[in-house]
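For reference, the structure discussed in these notes is given below.
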Amino acid sequence: MSVALFRDRLAKSRLHPNEIKWMPSWSSEFAKDQTLVHCVLPFAENAILKFSQKLRGRNVPAWQRLHAARSLEWYQTMVLDLFDSRFRPFQTEASGTR
């Protein structure tokens, strides 16, 4: 996974400094549980759901789970140049609403 590239692109963005600081951390945590192919994060729906559930199981607050899901979405857009994200269900799950 190209955390360096993600950090570089975040630094050039107009996001809030806290977003720039924490987004790479969430992406790195997600990557720990994944099998990387050519240093690229796989974005299978079941992997994203398991990550969100893992965070919920650790009693990570809903706002942080939402931020984690947004971080993965931004990684997908900024590093992989994929704009067809399917993160809406996970952002809903992460925020604790259904």
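The values are calculated or read from the model by the stated rules, or taken from the named source; none is laboratory data. As the structure is a prediction and not an experimental result, all values here were calculated from the model. Heads up, the Cβs are rebuilt from the backbone with ideal geometry, glycines too, and the neighbour counts pull from every protein chain shown.
Remark: pairs (first residue in region 1-12, touching a residue at least 24 places away in the same chain (Cβ under 8 Å); second residue surrounded by 15 or more Cβ atoms within 10 Å (Cβ to Cβ) and outside any helix (DSSP H, G or I); Cβ separation under 6 Å; 6+ apart in sequence or on different chains) = MET1/LEU41; SER2/VAL79; LEU5/VAL79; PHE6/VAL79. For region 55-85, filtering for residues that are buried (at least 17 other Cβ atoms within 10 Å of the Cβ), assigned to a loop (DSSP other than H, G, I, E, B) and at pLDDT 90 or above leaves 0.
When region 2-16 is examined, which residues are found to be aliphatic (A, V, I, L, M) and either within 14 Å of ASP81 (Cα to Cα) or in a helix (DSSP H, G or I) (or both)? Don't jump to the end; show me each part of the working.
Of all residues in region 2-16, those aliphatic (A, V, I, L, M) come to 3-5, 10-11, 15.
Scanning region 2-16 gives VAL3, ALA4, LEU5, LEU10, ALA11.
For region 35-54, filtered to residues that are over 16 Å from GLU73 (Cα atoms) and either out of contact with any Ser or Thr (no Cβ under 7 Å at 6 or more places or on another chain) or at pLDDT 90 or above (or both), the residue that is surrounded by the most Cβ atoms within 10 Å (Cβ to Cβ) is LYS54.
Taking into account only those residues within region 1-27 that are of a type in the set (Gly, Ala, Ser) and loosely packed, with under 15 Cβ neighbours inside 10 Å, which is nearest to VAL79 (Cα to Cα)? Looking at the filtered set, the residue picked out is ALA4.
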